[in-house]
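None of the figures in this text is laboratory data; all of them are computed from the coordinates on show. Note that the structure is a prediction, hence the values are computed from the model and not measured. We place every Cβ from the backbone using ideal geometry, glycine too, and count neighbours over all the protein chains shown.
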Amino acid sequence: MKTPKRIQPLIDEGLVDEVLRPLMSGKEASVYVVRCGGEIRCAKVYKEASQRSFKKAAQYQEGRKVRSSRRARAMEKGSSYGREQAEESWQNAEVDALYKLADAGVRVPQPYGCFDGILLMELILDEDGDVAPRLNDIQLTAEQARRDHKTMMQHILRMLAVGLVHGDLSEFNVLQDSQGPVIIDLPQAVDAAANNNAQWMLERDVNNITQYYAQFAPELAATKYAKEIWALFEAGNLNPNTELTGQFTESEQKADVGAVLDEINAAFAQMQERKERQQAANEQD
């Protein structure tokens, strides 16, 4: 195929030998299958901010640390230099998260570096050697759903144990290979200790994943992993090897009406986002 203009510099520098085919195009990036020497990898080409449709990016960037005070000031002012640095920060967030999560035992694609807005990483394959499908494209047995759901809850726990919340986790950005689920798409990952939205993002991640697996094992819908995991985090008792139960005893204190309304609004927004993701997935097929 014709080499995309953005990838040509990587070919010129010898980082990529050949672009084999497009893999997918999403709200934040286009992904291509590429050959690097004797290995087949994927190249994620990030779209510019003006072309991305990712909503409420500021919520995800809250609390992100910028080493240079000059860069931080420029990003706050929104100057051309600041916008350029914000883009670099957005892209590097995924690379940093992938390395950190791989070290923590979370199944994510192996990164090979980010060059001029292009992330080179492992291409996840299924047992037949084909590109691994997303969860929303497969059917599971009840037993497999229960097993993989438990695995995903453990991954979410381990992510939080190293201070990260995915922030946009659903069946549309988890792949399934022969060993189970693999989490992808992390440029919006948030710092759990520094982002005021971290708790509801974690709850949304857990609820999205649980709703998916509950299609095949309905009893999973009654579990309360999000509250259990966050309570461990708040109490400072979070251990990556904690055996989760999915059970949580609610406080008997008087209900906070404002908090309840916030949850209702968040649930409605979540439903709308799910519809949009499904529509986007259908358009890609």
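Miscellaneous remarks
- Selection from the stretch 180-197 of residues that are touching a strand residue (DSSP E or B) at 6+ places or on another chain (Cβ under 8 Å), closer than 30 Å to VAL131 by Cα and either among the polar types (S, T, N, Q) or in a strand (DSSP E or B) (or both): PRO181, VAL182, ILE183, VAL190
- Residue that is surrounded by the most Cβ atoms within 10 Å (Cβ to Cβ) [pool: residues in the stretch 209-218 that are in contact (Cβ under 8 Å) with a residue 60 or more places away in the chain and more than 21 Å from the chain's Cα centre (by Cα)]: ALA217
- Listing of strands (runs of 3 or more DSSP E) fully contained in the stretch 1-49 that carry 3 or more residues being in contact (Cβ under 8 Å) with a residue 60 or more places away in the chain and under 23 Å from ASP168 (Cβ atoms): 18-25, 39-46
- Residues of the stretch 97-134 satisfying the condition of being under 15 Å from GLU39 (Cβ atoms), more than 18 Å from the chain's Cα centre (by Cα) and not in a loop (DSSP other than H, G, I, E, B): LEU125, VAL131
- Top-ranked residue of the stretch 223-247 - restricted to ones that are among the aliphatic types (A, V, I, L, M) and either touching a residue at least 24 places away in the same chain (Cβ under 8 Å) or surrounded by 10 or more Cβ atoms within 10 Å (Cβ to Cβ) (or both), ranked as farthest from GLY163 (Cα to Cα): LEU244
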